[in-house]
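Asks: Please read through the structure below; I'll follow up with questions.
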Amino acid sequence: MDLLEELKQQFGWEKAVAVNEQMIETDSGIKRLRRWEDQGLMDWHIRWRDHCSMAPLVLTDRMIRTKAGEASVPWKSTWVTIHDEIPDPFMQDENGQVWGTFIGLLIQFGVRTEQEMRTQEVEEPDLKQLEKKLWMFPKALQPTLRHVLYEAKARQAKATAIRTRHSSSRLPLVDSTGINQAKEIHGLMFWTGSNDYPHTGYYPICTLLREWMARHDTMSLTPVLDAIENIYSDFSKEQGGLLLAECLIPYEVNQLNALLLDKRTEAEIESTVNACNRDWALSKRMVDEIAEWLDGRHS
């Protein structure tokens, strides 16, 4: 028996036709097929999707249950899960309450998770490398880059100090995120998760908040942060500082260091430096808003 026949039996479908390696056309619509070699990773993804689905605000691409109520189907030496596939982008993405609710659920689950597993590591910026190789950049850009380096050191020092103060707090396990993972069905946000190993800490959350702010540059983060606190009532006291520390890490420097790995034209280098400056300004605004919100909660 091939996989499609097995899935028809498990889910009670009359039709199951492969569209590609990830998609199946069934009599219940187009479904996404995910394959898992690590059962522990799959179980974690099942649990966070179940936890973070909260109608009527947000839904997730939860594993569709079989006729027997199972979230996965064993197949040879792997497991297969089936998910609804929603193509339409989320059209209400300025709604801070929805985003904050979803992020709050992610953090709440991630902090409570005690499962041991492999995690993704994000390389923090190498400020010493940039400092040693400033001379390799065009002379006209070097004053700007010296200022970036000065501020990057200050941001890194602040982040380290905050992390030290919160060293007893548990970092959440969080799936990879990107704003385009938000789809829409029946007016609700429908979040499409990944197959990835989780991150330990707030890097995915900072990435998502930065993307949201870049898309809505006149909107405040306050409604998002308020909604996070409504879901996870101890967020500002126990976790808010860790979010702030992660947002302070000057990841923008990584794109400058990457310039040194390849030969680039002066125009390409200038374009990247300008992009870095825009990202820097966005990060500053995000950090300022989070810090102000935390101060308001603690006063």
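The values are calculated or read from the model by the stated rules, or taken from the named source; none is laboratory data. Small disclaimer: the values here were computed from a predicted structure and weren't measured. Methodologically, a virtual Cβ is constructed for each residue, glycine included, from the backbone with ideal geometry; neighbour enumeration extends over all protein chains shown.
Asks: Of all the residues that make up segment 118-145, how many are more than 17 Å from ASN254 (Cβ to Cβ), surrounded by 14 or more Cβ atoms within 10 Å (Cβ to Cβ) and charged (D, E, K, R)?
Replies: Count: 0.
Asks: Please state which one of GLN156, GLN129, GLN142, GLN115 is more than 30 Å from LYS8 (Cα to Cα) and not assigned by TED's automatic domain parsing to the domain that holds GLN239.
Replies: GLN115
Asks: Scanning for something under 18 Å from the mean Cα position of the chain (by Cα) and either assigned to a strand (DSSP E or B) or surrounded by fewer than 19 Cβ atoms within 10 Å (Cβ to Cβ) (or both), does segment 97-111 turn up at least one residue?
Replies: Yes, there is a match, as at least one residue in segment 97-111 is under 18 Å from the mean Cα position of the chain (by Cα) and either assigned to a strand (DSSP E or B) or surrounded by fewer than 19 Cβ atoms within 10 Å (Cβ to Cβ) (or both).
Asks: Considering only residues that are in a strand (DSSP E or B) and either touching a Phe, Trp or Tyr at 6+ places or on another chain (Cβ under 9 Å) or over 28 Å from ALA227 (Cβ atoms) (or both), which ones fall in segment 70-96?
Replies: Selection gives VAL73, PRO74, TRP75, THR78, TRP79, VAL80, THR81, ILE82, ASP84.
Asks: Among the residues of segment 94-107, is there at least one that is touching a Pro at 6+ places or on another chain (Cβ under 9 Å), of a type in the set (A, V, I, L, M), over 25 Å from ILE185 (Cα atoms) and not assigned by TED's automatic domain parsing to the domain that holds ALA214?
Replies: So far as segment 94-107 goes, no, none of its residues is touching a Pro at 6+ places or on another chain (Cβ under 9 Å), of a type in the set (A, V, I, L, M), over 25 Å from ILE185 (Cα atoms) and not assigned by TED's automatic domain parsing to the domain that holds ALA214.
Asks: Further question: Inspect segment 169-185 for any residue being farther than 26 Å from GLU211 by Cβ and loosely packed, with under 15 Cβ neighbours inside 10 Å and give the result as yes or no.
Replies: no
Asks: Quick one: would you say SER72 is over 26 Å from LEU242 (Cα atoms), crowded, with 16+ Cβ neighbours inside 10 Å and small (Gly, Ala, Ser)?
Replies: yes
Asks: Also: Go through MET63, MET42 for me and flag whichever is touching a Lys or Arg at 6+ places or on another chain (Cβ under 8 Å), touching a residue at least 12 places away in the same chain (Cβ under 8 Å), under 28 Å from TYR232 (Cβ atoms) and surrounded by 15 or more Cβ atoms within 10 Å (Cβ to Cβ).
Replies: MET63
Asks: Looking at (1) under 12 Å from the mean Cα position of the chain (by Cα); (2) aliphatic (A, V, I, L, M); (3) closer than 19 Å to GLY100 by Cβ, find the lone condition where LEU173 falls short.
Replies: The single condition LEU173 does not satisfy is (3).
Asks: Kindly state which strands (runs of 3 or more DSSP E) lie completely within segment 1-69 and contain at least 1 residues that are under 27 Å from TRP99 (Cα atoms).
Replies: 29-36, 58-60
Asks: Another question about this same structure. Is there a residue being out of contact with any Gly (no Cβ under 8 Å at 6 or more places or on another chain) and assigned to a helix (DSSP H, G or I) anywhere in segment 191-200?
Replies: no
Asks: For VAL224, work out the one condition from (1) without any contact (Cβ under 8 Å) to a residue 60 or more places away in the chain; (2) part of a helix (DSSP H, G or I); (3) within 30 Å of ASP84 (Cα to Cα) it doesn't fulfil.
Replies: In the conditions (1) without any contact (Cβ under 8 Å) to a residue 60 or more places away in the chain; (2) part of a helix (DSSP H, G or I); (3) within 30 Å of ASP84 (Cα to Cα), VAL224 misses (1) alone.
Asks: Just for segment 248-299: of the residues that are modelled with pLDDT under 90 and in a loop (DSSP other than H, G, I, E, B), which one is surrounded by the fewest Cβ atoms within 10 Å (Cβ to Cβ)?
Replies: So, considering only residues that are modelled with pLDDT under 90 and in a loop (DSSP other than H, G, I, E, B), the one surrounded by the fewest Cβ atoms within 10 Å (Cβ to Cβ) is SER299.
Asks: Let me ask another. Select, from ALA281, ALA214, the only residue that is of a type in the set (A, V, I, L, M) and either within 26 Å of THR200 (Cβ to Cβ) or in contact with a helix residue (DSSP H, G or I) (Cβ under 9 Å, 6 or more places away or on another chain) (or both).
Replies: ALA214
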